[in-house]
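What follows is one structure encoded as structure tokens, with my remarks underneath.
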Amino acid sequence: MNASTATSVTLVTGATGLVGNNVVRQLLQLGHRVRVLVRSARDCLPLDGLTIDRYEGNVLDKASVVRACQGVNNVIHAAAYVQIGGRNLEVHRAINVQGTVHVTQAARDVGARMVHVSTCDALGIGTAEHPATESTPLLALLRVPYVITKREAELVVRQEVARGLQAVIVNPGFMLGPWDWKPSSGRMLIEVAAGRGLFAPRGTVSLCDVRDVAAATITALHQGTIGQRYALAGVSMSYLEAWRLFAEVTGARRPICNAGSFTLRASGWAGDLWAMVSGTEPAVNSRAIALANVPKYYSSQLANAELNYSCRDTRETIHDAWTWFQSHKYLPASRRNQSA
């Protein structure tokens, strides 16, 4: 730890989420002073026991964002609303876009350097032979509010960079790892581990370790090129390959095959119908299935070169995520005691 690290203050939004929580813990290990913006100043489980400054508020409340940014040197903006489907565009837009407006403006006003956490889904589309890079042209994409608003949020960041904000953007792939309190992407691993993954969706996934993403995000604070975006992707594999690896590591029943086209369409329609009737969109819906079919092939060469980004072994990532879920009792008792 050097003197500048000890005296600098880094604000993290979304500190209770998968990326944010790992970022907070790594910053503390590096000797940074960490401030978080949370809905309640009271202790909450993801932050329990951590020596951090808690500021009450959220990214929708501009005044609370401004207060939290006073006196900070760095901002890592990881807060986001994530629902993969076709509903709640206005909720996504309020949190992901307007929230980013508030954070970027406040960071610019205090002269803080910022990293905005986006997603690989906001990048262009590549192939196995020609993976997408940060400069791959964007194509019209499915009307998935999460993806739409993450692209819009990146535009907000670029506009503020043009006004003087010192910011970079990171675009993570599908992340697994410890400290997934919600859980978020780890829900897929839990479902397979529980024996509910006999028929995998079609499509591909770019699987990476959240700890590697967090490390590169922190490095981007000091080494990233202002205005640049960095793909923090992982190993591209089919969902069937990923689920079979999940099953192998967790000792669950091995997925049989991909679900058939008719089964997928019927499941998507059923999810859409349920959303119309109940007002709550399930994880399986037509747009989530369609997004899964979008090719997930990305190159992280720029991040490798400029942020020292690298992906650890995929089996290690899955093993550590599974072990963390077991130790925190996210699984039935019959599964917690099984060795990974």
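The values are calculated or read from the model by the stated rules, or taken from the named source; none is laboratory data. Quantities reported herein were computed from a predicted structural model and do not represent experimental measurements. Please note: Cβ atoms are built from the backbone with ideal geometry, for glycine as well, and neighbour counts cover all protein chains shown.
Within the group E191, E160, E152, which residue is surrounded by fewer than 20 Cβ atoms within 10 Å (Cβ to Cβ), at pLDDT 95 or above and either under 22 Å from L60 (Cα atoms) or more than 13 Å from the chain's Cα centre (by Cα) (or both)? Walk me through how you get there before you give the answer.
Numbers: E191 fails: at pLDDT 95 or above; E160 fails: surrounded by fewer than 20 Cβ atoms within 10 Å (Cβ to Cβ).
Going through E191, E160, E152 in turn, the sole match is E152.
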If we keep just the residues of the stretch 1-36 that are crowded, with 17+ Cβ neighbours inside 10 Å and polar (S, T, N, Q), which is modelled with the lowest pLDDT? S8
Selection count where residues are loosely packed, with under 15 Cβ neighbours inside 10 Å and of a type in the set (V, I, T), scope the stretch 244-280: 4
Please go through the stretch 286-332 and pick out each residue that is modelled with pLDDT under 90, more than 20 Å from the chain's Cα centre (by Cα) and farther than 14 Å from I190 by Cβ. S286
Any residue in the stretch 75-98 that's among the basic types (K, R): show its pairings with residues that are surrounded by 22 or more Cβ atoms within 10 Å (Cβ to Cβ) and modelled with pLDDT of 90 or more at Cβ separation under 6 Å, as long as the two are six or more apart or on different chains. R93/T149
Where F199 falls short, out of the listed (1) modelled with pLDDT of 95 or more; (2) on the phi < 0 side of the Ramachandran plot; (3) not β-branched (V, I, T): (1)
Which of the numbered conditions does V144 fail, given that it passes all the others? Conditions: (1) free of Cβ contacts under 8 Å to residues at least 60 places away in the same chain; (2) touching a Lys or Arg at 6+ places or on another chain (Cβ under 6 Å); (3) under 30 Å from T280 (Cα atoms). (1)
With the structure loaded, tell me whether N308 is on the phi > 0 side of the Ramachandran plot and among the polar types (S, T, N, Q) or whether it fails that test. yes
Flagged in the stretch 37-69 as among the acidic types (D, E), surrounded by 14 or more Cβ atoms within 10 Å (Cβ to Cβ) and assigned to a loop (DSSP other than H, G, I, E, B), in numbering order, are D61
